[in-house]
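Structure record follows, encoded as C-alpha cells.
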Amino acid sequence: MTPVAIVAGAGGGGRATSVALARRGYYVVILDAHPEPAEDALLDVVDAGGAGEGHAVDLLDLEATSALRADLATRLGRVDVIVHLVGGWRGSAGVDADAVQNWRALHPPIVDTLAILTAVFNDDLQKAPAGRAFMVTSTAASRPTAGNVAYASAKAAAEAWMAGLAHAWRDTSAASVVVAVKALLTDAMQDAEPEKDFTGYTHVTVLGEAIAEAAAGPVENGSRLDLTAAGYSPA
C-alpha cells in the first residue's frame, strides 16, 4: 500500500516539500485554507511525476479536520507523515499592545492548527510502520527580541507541543521532529530582491529534501533537524 503524507500549508515550503515527498513515492495530500494554493501545489506534484490530492480545509475547525481524517481513512487506509507548514509573521515596535494583538493573531495559525492536526491524526501515525510528524520552527523561538516576541513565543509554544507529542510516542515507532530554520527562501523572493543578502536563510528546496529524507529514513523521536547551516541555494 502506498504511503501517505499530509502537507499542511501550500506556500513555497509546502509546495517544495510536497514535491520531494512525491518523488520518494508518497501519495501527497496537500491542505490549505484556500483551494487555489492547494490546487497549484498539486500541479507541482503531478508535474514531478507524483500523485496526490489537494483540499481546502480550516485546520482551526476540529470537526472539519476530523471529517477529513475519516474520509482519508476510508479512501486511502493510512497516513504515515504529517508536515506542518502553517503560520505567519507579525512584528511590533516592542513589548506593547501591538505585541499582545500579534500574539492573539499568531497563536491560532501557528499553535492551534498544529495541535488539532496532530491530535486528529495521532492514532494513524502511531499505527503507521514509521509515523512521522514534522513542524517547521524558527531560531527566533530560542532567541526572541522585543520586535518578534509574539512570533517567537508562538513558535516556542508549538515546539513545546511537539515535545509533548514525542513523550506520548515514547514507546512507539512514531517520531515527532522539529525542523529549525532562520527563515525560508523561495526563488520568487530572490528574484524580487536580487541584491539582498539571504545568508542564513534556508531555500524551500533544501527544506523539502531534508524532510523527505527524514520521513523515509530512520529518525529519532523528539529530535531537532537544524537546517540553519544548510545555505540558501537549492541542493
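The values are calculated or read from the model by the stated rules, or taken from the named source; none is laboratory data. Computed from a prediction, not measured in an experiment: that's the story for all the values here. Counting neighbours? That spans all protein chains shown, and the Cβs are built from the backbone with ideal geometry, glycine included.
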**Message:** Residues to consider are Asp44, Asp71, Asp58; find the one that is free of Cβ contacts under 8 Å to residues at least 40 places away in the same chain and in a loop (DSSP other than H, G, I, E, B).
**Reply:** Asp58
**Message:** Go through the range 161-188 and report how many residues are of a type outside the set (S, T, N, Q) and touching a helix residue (DSSP H, G or I) at 6+ places or on another chain (Cβ under 8 Å).
**Reply:** 16
**Message:** Taking the conditions exactly as written (in contact with an Asp or Glu (Cβ under 7 Å, 6 or more places away or on another chain) and within 28 Å of His34 (Cα to Cα)), does Thr137 satisfy them or not?
**Reply:** yes
**Message:** Residues that are assigned to a loop (DSSP other than H, G, I, E, B) and farther than 21 Å from Ala8 by Cα: does the range 149-167 have at least one?
**Reply:** no
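When you look at Ala216, is it modelled with pLDDT of 90 or more and surrounded by fewer than 20 Cβ atoms within 10 Å (Cβ to Cβ), yes or no?
It is false that Ala216 is modelled with pLDDT of 90 or more and surrounded by fewer than 20 Cβ atoms within 10 Å (Cβ to Cβ).
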**Asked** So how many residues does the range 32-41 have that are surrounded by fewer than 23 Cβ atoms within 10 Å (Cβ to Cβ) and outside any loop (DSSP other than H, G, I, E, B)?
**Response** 5
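Return the residue satisfying two criteria in turn: it lies in the range 10-26 and is part of a loop (DSSP other than H, G, I, E, B) and surrounded by fewer than 21 Cβ atoms within 10 Å (Cβ to Cβ), and of such residues it is nearest to the chain's Cα centre (by Cα).
Of the residues in the range 10-26, the ones part of a loop (DSSP other than H, G, I, E, B) are 10-11, 24-26.
Checking the rest, the ones that are also surrounded by fewer than 21 Cβ atoms within 10 Å (Cβ to Cβ) come to 11, 24-25.
Values: Gly11: 10, Arg24: 18, Gly25: 19 Å.
Among those residues, the one meeting the criterion is Gly11.
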**Request:** Say whether the condition of being in contact (Cβ under 8 Å) with a residue 40 or more places away in the chain and surrounded by 21 or more Cβ atoms within 10 Å (Cβ to Cβ) is met by at least one residue in the range 187-197.
**Result:** no
**Message:** From the list Val29, Val7, exactly one residue is of a type outside the set (D, E, K, R), in contact with a helix residue (DSSP H, G or I) (Cβ under 6 Å, 6 or more places away or on another chain) and crowded, with 21+ Cβ neighbours inside 10 Å. Which is it?
**Reply:** Val7
**Complete:** Among (1) touching a strand residue (DSSP E or B) at 6+ places or on another chain (Cβ under 7 Å); (2) touching a residue at least 60 places away in the same chain (Cβ under 8 Å), Trp89 falls short only on (1)
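Among the candidates Ala192, Ala183, which residue alone is farther than 24 Å from Arg23 by Cα, touching a Phe, Trp or Tyr at 6+ places or on another chain (Cβ under 7 Å) and among the small types (Gly, Ala, Ser)? Lay out the reasoning, then the answer.
Values: Ala192 fails: touching a Phe, Trp or Tyr at 6+ places or on another chain (Cβ under 7 Å).
Matching residue, one of Ala192, Ala183: Ala183.
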**Message:** When the residues of the range 42-56 are narrowed to those that are surrounded by fewer than 19 Cβ atoms within 10 Å (Cβ to Cβ) and among the aliphatic types (A, V, I, L, M), which ends up nearest to the chain's Cα centre (by Cα)?
**Reply:** Ala56
**Request:** Residue by residue through the range 87-125, note down the ones that are surrounded by fewer than 17 Cβ atoms within 10 Å (Cβ to Cβ) and not in a loop (DSSP other than H, G, I, E, B).
**Result:** Ala97, Asp98, Val100, Gln101, Arg104, Ala105, His107, Pro108, Ala119, Asp123
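Against the condition of a type in the set (A, V, I, L, M, F, W, C), within 23 Å of Lys155 (Cβ to Cβ) and either surrounded by fewer than 16 Cβ atoms within 10 Å (Cβ to Cβ) or at pLDDT 95 or above (or both), how does Leu76 come out, does it pass?
Working: of a type in the set (A, V, I, L, M, F, W, C): yes; within 23 Å of Lys155 (Cβ to Cβ): no; either surrounded by fewer than 16 Cβ atoms within 10 Å (Cβ to Cβ) or at pLDDT 95 or above (or both): yes.
Answer is no for this residue.
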